[in-house]
Structure formats: structure tokens, C-alpha cells
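Peer 1: Take a look at this one; I'll ask things after.
The values are calculated or read from the model by the stated rules, or taken from the named source; none is laboratory data. From a predicted model like this one, the values you see are computed outputs, not experimental measurements. Positions of Cβ are backbone-derived with ideal geometry, glycine not excepted, and every protein chain shown enters the neighbour counts.
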Amino acid sequence: MNNLEKNSWTTLSAEQKYESPWISVTEYKVLNPAGKPGIYGMVSFKNLAIGVLPLDKDLNTWLVGQWRYPLKQYSWEIPEGGGPIGIDPLDSAKRELKEETGLIASHYRELCRMHTSNSVCDESCIIYLATGLQLTESEPEESEDLVVKKVPFMEAYDMVMNGQISDSLSMVAILKAKLLLDKGELSFQV
């Protein structure tokens, strides 16, 4: 680590303020980079965020629509959810894809790893591209009221570009896949 990448924060104390099966919230008393006292709240996630962009050989994809409680609005997204830390994230990706869309893929490719909102949380994410698709019956969780629609990939790309898709995992997956398609770096196995 060079001098530019050093940690300039000092943690004085930590107190957990909230915990659920999915997250915990901790308040830290800190000295900020200027050496002044302050507090920093952080949300820690107990699962890895998983996203899956299904793409068929005809360049169609599947989007999942649902009401997102924290936003108080409807959201169109790629299939996504949480995967327990400590198990193979690809197993979680396969489960999420089948659960939400009924799709089973014969091939997966990791598109990227990212942090979803690193100023307030430690959530890490892995996004996969799924190809070689077969449609079966979906199995949504009881807490999910989902609408699934098959759309041309370019329509999903347009939805990102015009703001209809604002979910970070979905935006990153679709934009990265578009770049790879434009560069001829995506292959479709059946």
C-alpha cells in the first residue's frame, strides 16, 4: 500500500445499534481524516449480493419487476438476491435465476464484482452472465410479488439509458454486457 492509500480514520469505539437476520447497523465514534471527532454509521450485510443477467442467443433478456419498499416505487431489475457468505456464489446465482424467472442456464460467466454503496455499507456483489437458457417453472419466495418479462437486450439497455432501470446491479450488468457485446467478447453456448 502506498502513502496515498493509507487509512486516515481512527476508530475510537463501536456500538451495534440494530441487528436482523440480514443486516446489522453499527455506530462508530471516530476521528475523521482532519483529526476531528465524529460519528460514522455503517450497515453490514450478512449475505453477498448476487445478480444474474440471462441472455439468449437471440439477444433477449429477462427482467424482474417488483415494488421496492425502501424506495416506495416499482423497479425493473435483473434477477438478483442474497447468497449466504461461505457458500459458492455461483450456487446462489443459479438459485436466484431459477427462483425468480424459472430459467436454468448451462453456462455462467462472472461479469464483475462490486461494492454497492461503499460510503455507508460493506455490501459486496458478484454479477454473472447466464447463457444456454432453458425455461422451467419459477419459484418465488413468499415475500416476493414479481412480474417477469422477456425483452430484447437493447430494450433493457435503453431502459438503463433513459432511467427506467435505476437498480445498481442491473445497470452495471447491462452496461458491462453492452460493452462486451460491442467489443465482440461475448459468446453464446447452448
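Residues checked against (1) part of a helix (DSSP H, G or I); (2) in the same structural domain as residue 74 (by TED's automatic domain parsing); (3) under 23 Å from residue 112 (Cβ atoms):
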| site | (1), (2), (3) |
| --- | --- |
| 131 | no, yes, yes |
| 141 | no, yes, no |
| 148 | no, yes, no |
| 158 | yes, yes, yes |
| 164 | no, yes, yes |
| 178 | yes, yes, yes |
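Peer 1: Can I ask one more? Any residue in the range 150-161 that is under 30 Å from residue 32 (Cα atoms) and out of contact with any strand residue (DSSP E or B) (no Cβ under 7 Å at 6 or more places or on another chain)?
Peer 2: no
Peer 1: What pairs come up if the first residue lies in the range 11-29 and is over 15 Å from residue 122 (Cα atoms), the second is hydrophobic (A, V, I, L, M, F, W, C) and in a strand (DSSP E or B), and their beta carbons are under 7 Å apart, counting only those six or more places apart or on different chains?
Peer 2: As it stands, the answer is 11/30; 12/30; 12/31; 17/25; 18/25; 29/12; 29/39, since those pairs meet every condition given.
Peer 1: Hey, residue 106 hits all of (1) surrounded by 14 or more Cβ atoms within 10 Å (Cβ to Cβ); (2) in contact (Cβ under 8 Å) with a residue 24 or more places away in the chain; (3) out of contact with any Cys (no Cβ under 7 Å at 6 or more places or on another chain) but one; which does it fall short on?
Peer 2: That leaves (1) as the condition not met.
Peer 1: Now, a different point. Scan 53, 71, 90 and give me the residue that is farther than 20 Å from residue 179 by Cβ, assigned by TED's automatic domain parsing to the domain that holds residue 159, surrounded by 14 or more Cβ atoms within 10 Å (Cβ to Cβ) and not β-branched (Val, Ile, Thr).
Peer 2: After ruling out the rest, the residue left standing is 90.
Peer 1: Related question: Every residue in the range 1-33 that is loosely packed, with under 10 Cβ neighbours inside 10 Å, farther than 19 Å from residue 45 by Cβ and modelled with pLDDT of 95 or more, please.
Peer 2: Within the range 1-33, just 13 meets the criteria.
Peer 1: I've got another one for you. Would you mention how many residues in the range 156-175 are among the polar types (S, T, N, Q) and touching a helix residue (DSSP H, G or I) at 6+ places or on another chain (Cβ under 9 Å)?
Peer 2: The total comes to 3.
Peer 1: When you scan the range 84-103, do you find a residue that is in contact (Cβ under 8 Å) with a residue 60 or more places away in the chain and touching a strand residue (DSSP E or B) at 6+ places or on another chain (Cβ under 8 Å), even just one?
Peer 2: no
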